[in-house]
Structures are given as structure tokens and as C-alpha cells.
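> Before we start, here is the structure in question, set down as C-alpha cells.
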């Protein structure tokens, strides 16, 4: 039987795979939940969505956003912190930490020593919906609700896809 040749992943495909590994790490390893990665989609933002934003510099440049409907964000943060009711005073910090888990895992899978990530910023509503041109959005279904990973990132030294 002839050995099939596999093609090398494009830079964008490698980034998508890295971010999805980060989602898997958060939901399966940290939250003991399930996650199914969907296709790139174009769902519209809801004004009440919670958005965690991290910028990237170094070997990978751009930005990554993790978008949660508020109900899903609260359920995920509740599971993550072990608190039945999450006080507003820690909600944004906890959402930021969820983003750190996802992006940190992605960073480590693509050469983390050469990628710098910013501290997360958490926004709600219209401010979080302004995204860079060329942003890709991937939906992820979890037992705690749907989330989206939005990325406008590329490997440094290469033109944006």
C-alpha cells in the first residue's frame, strides 16, 4: 500500500489548531467538560456578550478574542472558581484568566518562548465588537454554552491571510 503524503498546514491552520487546543485544555482538562469545535462562522455579536481580548507580539502578532454570551460566561466562571454565585467584583478577572488558559496553551504549542501576550482586557457590549479586518471566528459548543474564538493573528514576517 502506498504511503499517503500529507500536506503541511498553512500558518493560519496552525494558529486555528493551536487556539482550539487551548479551548480543549480549558474545557476538558480544567473544567471536566466537553467541547466540540465548529466551523469558522459569522454569528453577529449580541450587545451583552462578554469579550476577553489579548494582543500578541513577537513570533505571532495580532489579537485574539474569546467571546462568551453572558450566561455562558457566568456558568463557565462559576465552574472554574467553584462559586455558585460569582460576584461582579471578580467576574472580569475570572474571564481574563479563562482567556489566559486558552491563549497560554496556544502560545506554548507554537513556540511560546518567542510569543509575547498582553494581560487580558475584558469588555462587554459594543466596545468589544470592534474587531480587526480579516478576523476569523470559530464557534465552540460546550456543556456550559457556546463560545467563540476570534483571531486576527499571523506568524510574524508573513502577510496576513
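> Using the per-residue mean of other Cβ atoms lying within 10 Å as a proxy for protection, in what order, highest first, do the peptides 82-93, 60-71, 13-24 fall?
So the peptides 82-93, 60-71, 13-24, ranked by packing, come out 60-71, 13-24, 82-93.
> Would you mind getting me the FRET efficiency between residue 85 and residue 63? Use the beta-carbon distance for r and R0 = 25 Å, nearest 0.05.
0.20
> Right, something else. Compute the normalised compactness of region 62-109: alpha-carbon radius of gyration over 2.2 N^0.38 Å, N being the residue count.
Ratio of Cα Rg to 2.2 N^0.38 Å: 1.19.
> Working out 0.36 nm times the residue gap between residue 24 and residue 156, then minus their Cα-Cα distance, what length gain in nm do you get to one decimal?
45.0 nm
> To one decimal place, what orientation-averaged projected area in nm² is obtained for the convex hull of the Cα set of region 11-155?
That works out to 7.7 nm².
> At 0.36 nm per residue, minus the direct Cα-Cα distance, what do residue 32 and residue 114 gain on full extension? Give it in nm, one decimal, please.
Gain in length upon complete extension: 26.5 nm.
> Shape of region 84-126 from its Cα gyration tensor (a ≥ b ≥ c, root eigenvalues): rounded if a/c is under 1.5, otherwise prolate when a/b > b/c, or oblate?
Note, shape of region 84-126 comes out prolate.
> Using Cα pairs under 8 angstrom and six or more residues apart, how large is the relative contact order of region 11-155, in percent?
Worked out over region 11-155, it gives 41 percent.
Where a number appears in this text, it was derived from the coordinates with a stated rule and is not lab data. As the structure is a computational prediction, the values presented were derived from the model and not from experiment. In this analysis, Cβ positions are derived from the backbone assuming ideal geometry, glycine residues included, and neighbour counts consider all displayed protein chains.
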